[in-house]
1. Where the accessible area of the stretch 248-310 is counted over protein heavy atoms with a 1.4 Å probe, how much of it, in %, is carbon and sulfur?
2. Relative contact order for the stretch 38-87: what is it in percent, counting Cα pairs under 8 Å that are at least 6 residues apart?
3. Taking the Cα atoms of the chain alone, what are Rg (to one decimal) and Dmax (as a whole number) in Å?
4. Among the aspartates and glutamates, which have Cα under 15 Å from the Cα of K189 when same-chain residues fewer than 8 positions away are ignored?
5. By its C-alpha gyration tensor, with a ≥ b ≥ c as the square roots of the eigenvalues, how is the stretch 106-176 shaped: rounded for a/c under 1.5, else prolate for a/b larger than b/c, else oblate?
6. Leaving out ligands and nucleic acids, note down the accessible area per residue over the chain with a 1.4 angstrom probe, in whole Å².
7. So which DSSP H runs in the chain come out at 20 Å plus along the axis (Cα) with average Kyte-Doolittle of at least -1.0?
8. Less than 15 Å Cβ to Cβ from S164, Lys/Arg counted +1 and Asp/Glu -1: what total charge do the surrounding residues give?
Amino acid sequence: MITRFLSCLFTAVCATAAAQPIVIAHRGASGYLPEHTLPAKALAYAQGADFLEQDIVLSKDDVPVVLHDTQIDTVTDVATRFPDRKRADGRYYALDFTLDELKQLRATERFDAKTGEQIYAGRFPGGQSKFEIITLEEELQFIQGLNHSTGRNVGIYPEIKRPSWHREQGHDISAIVLPILRKYGYASKEHSCWLQCFEWLEVQRLRNELQWQGRLILLMGSSDKTPLAEVAGIADGIGPPIGSIFTGKSPAERTVTDLVSAAHKAGLKVHPYTLRIDDLPKSVGSVDELLDLLVNEAQIDGLFTDFPDVMVRWLAK
Ligand code: CA
């Protein structure tokens with residue numbers, strides 16, 4: 001009798017406890033391999049990430065490619081391969097190159113375009129081995145192929161990059177990306193896909209004008225003041241920087257803000273960015289402390305990380 005009572009109690013407690021936050025591989029396992037390359041995605045998959053992120057920009061011939069920036073001179077050898085193709089601002093843009101040309105470039109670990117220095121010195125050595133720029137379709141086929149061969153169901157987390165800038169340049173990136181997502185079976189909220197964008201106007205356009213019926217995340221900067229009740233009328237969640245989840249410059253002064261609880265009250269999920277073990281916020285002493293703060297104290301629903309293995313191991317403890 002007592003055993004049965006305890007078992008019922010246990011079931012009830014477990015049912016009410018928050019679900020484990022999802023592990024979102026930020027540009028793949030980018031802490032270990034050049035961001036957005038297929039090897040970085042394969043490693044994140046093998047490390048147990050729940051979702052793999054794709055940042056999306058367009059090529060000159062309107063092919064969606066997986067790159068974080070509209071400029072390509074900080075993650076490829078474009079400046080030496082096509083030295084006369086920079087714009088007046090001195091930068092090289094994916095939108096000025098056909099897919100065939102982008103495929104001729106070597107992708108590499110992120111570096112400063114001015115100094116040539118690698119951004120994270122401890123990460124994969126720049127210029128070594130061979131990596132290429134991947135199209136969105138190549139990556140979706142890759143993830144779905146792995147889902148087939150492993151029996152897992154790892155999801156995708158695509159981001160439409162700078163849609164208003166793309167439109168100013170004469171390219172409607174959202175209208176090009178959505179049919180590809182639908183073609184690969186990502187169309188409703190039951191499918192393993194979160195679509196994300198920083199531009200609130202575009203998030204509304206995706207939902208209303210372009211009729212996206214899948215899950216939708218509004219990414220937010222630290223000073224974003226879009227009312228959460230308004231966001232909840234359109235999107236399913238928000239992606240704020242981790243610095244807006246807590247305040248205080250030292251562990252002693254640190255307090256959790258009301259952002260997560262306010263978002264939850266509005267019915268929104270919260271997936272902050274970004275957990276980097278080689279770039280921790282100054283007010284936390286260790287990665288375990290940061291994860292405890294975000295997951296147990298603030299109760300986030302998911303987290304972007306360059307190091308999926310670290311979060312997977314911590315959650316398993
Ligand atoms: Ca992103």
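The values are calculated or read from the model by the stated rules, or taken from the named source; none is laboratory data. What you are looking at is a predicted structure, and each value in this text was computed from that prediction instead of being measured. Note that each Cβ is placed from the backbone with ideal geometry, even for glycine, and that neighbours are counted across all protein chains shown. To get the accessible areas, we keep the full protein, side chains included, count just its heavy atoms, and leave off ligands, DNA and RNA. Shrake-Rupley method; radii C 1.70, N 1.55, O 1.52, S 1.80 Å.
1. Working: 1370 of 2860 Å².
Carbon and sulfur atoms account for 48 percent of the accessible area of the stretch 248-310.
2. Numbers: 26 pairs, mean separation 9.4, N = 50.
Averaging sequence separation for qualifying contacts and normalising by length gives 19 percent for the stretch 38-87.
3. Computed over the Cα atoms of the chain, radius of gyration and Dmax are 20.4, 80 Å.
4. List returned: D236.
5. It comes out oblate by the Cα gyration axes.
6. Working: 14740 Å² over 317 residues.
Solvent-accessible surface per residue comes out at 46 Å².
7. Correct list, ordered by number: 2-16, 136-150.
8. -2
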